[in-house]
1. What is the local net charge at Val181, summed over the other residues whose Cβ is closer than 13 Å to its Cβ (Lys, Arg +1; Asp, Glu -1)?
2. Normalised radius of gyration for region 5-130, please: alpha carbon Rg relative to 2.2 N^0.38 Å, two decimal places.
3. Restricting attention to region 79-170, which GluC sites (Glu not before Pro) occupy a DSSP loop and are surrounded by at most 10 other Cβ atoms within 10 Å?
4. In vacuum, with every alpha carbon of region 2-235 counted as one equal point scatterer, what does the Debye formula give for log10 I(q)/I(0) at q = 0.15 Å⁻¹? Two decimals, please.
5. In the neighborhood of Met122, defined by Cβ-to-Cβ distances under 11 Å, what is the net charge if each Lys or Arg adds +1 and each Asp or Glu adds -1?
6. For region 82-146 and region 158-195, what is the separation of their Cα centres, given in Å?
7. Please order Tyr74, Tyr148, Tyr219 by the number of other Cβ within 10 Å, starting at the fewest.
8. Give me the compactness ratio for region 62-120, meaning the Cα radius of gyration over 2.2 N^0.38 Å.
Amino acid sequence: MTQNKPLIVITGASSGIGKATAQLFSENWFPTLLLARRIEKLEALDLKNSISKKVDVTDSFALNNAISEAEEKYWKTECIINNAWLMLLWDISEQNPDEWRKMFDVNIIWVLNGMQAVLPQMKKRQSWTIINVSSVAGRKTFPNHAAYCGTKFWVHAITENAREDAANNNIRMVTIAPGAVETELLSHTTSNEIIDGYNAWKDDMWGVLSPENIANAIYYAYNQPQWVNIREIVIAATKQQP
Ligand code: NDP
């Protein structure tokens, strides 16, 4: 069965949405290339027909090597899911600029690296799919999110602009914009005040989505025929207001 299925590359597959997405594609017999820094977490998934690589997504050389190696085994990447991220929240009048730079590297430069790694061969083939995971925070603003929201607005902009540029090449580009999801996200942020506020917000809406809810949306978008491009999916808990 697997020989007929294309290679799916997933960044940030060691936890949360990336992990649930990797499991879902694997259950459906797709070979996968899983990328993250915590290799032990990737390997613990123990997926069939899967390669795990310890790659920091800001390192385009390591990324390209990992993709080449997986393609030697499983043929070309027919879908990349750019999902890795970093969320460092604070008021920018006080936030350490190092936090902006880190977010810009992981949330922005990396997405560009991931797209460029596969676009030339997609153009040659006149087909295939790029899925970028953005956020509701890529469509609207939230308190103390200025630098972070900037990175996610950017993901929306680049995905839509690149989609227009590549449309004549029959390449699909999808933006996934989740609301709050139960993952490791709060472990990124160093401020207890922000963590407490975020937890209270989640409680107010009786809990948030699961990573599997987002994986299902990604799989749905991917599974449409190649001539159907779902450009954006915005998905949040019913009781999430903003
Ligand atoms: P998690 O915090 O659970 O996982 C983040 C993933 O990114 C991990 O696998 C981590 O792997 C990887 N990662 C982070 N930095 C790097 C790096 N430099 N190099 C390689 N991998 C890296 O995240 P979520 O599942 O919550 O988020 C996934 C996506 O969903 C993100 O794009 C996010 O913006 C989006 N999203 C999430 C929301 C939420 O409420 N959870 C809300 C809106 C959007 P490792 O540490 O092993 O390297």
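1. Here the count lands on -1.
2. Taking the Cα Rg and dividing by 2.2 N^0.38 Å, one obtains 1.09.
3. Glu94
4. Listed by q, the Debye log ratios stand at -1.00.
5. For residues surrounding Met122, the net value is +4.
6. Between the Cα centres of region 82-146 and region 158-195 lies a distance of 6 Å.
7. Tyr219, Tyr74, Tyr148
8. Cα Rg divided by the expected 2.2 N^0.38 Å: 1.46.
No value in this document is a laboratory result; all are computed from the given coordinates. Predicted, not measured: the structure shown is a model, and the values here were computed from it. Neighbour counts run over all protein chains shown; Cβ positions are idealised from the backbone, glycine included.
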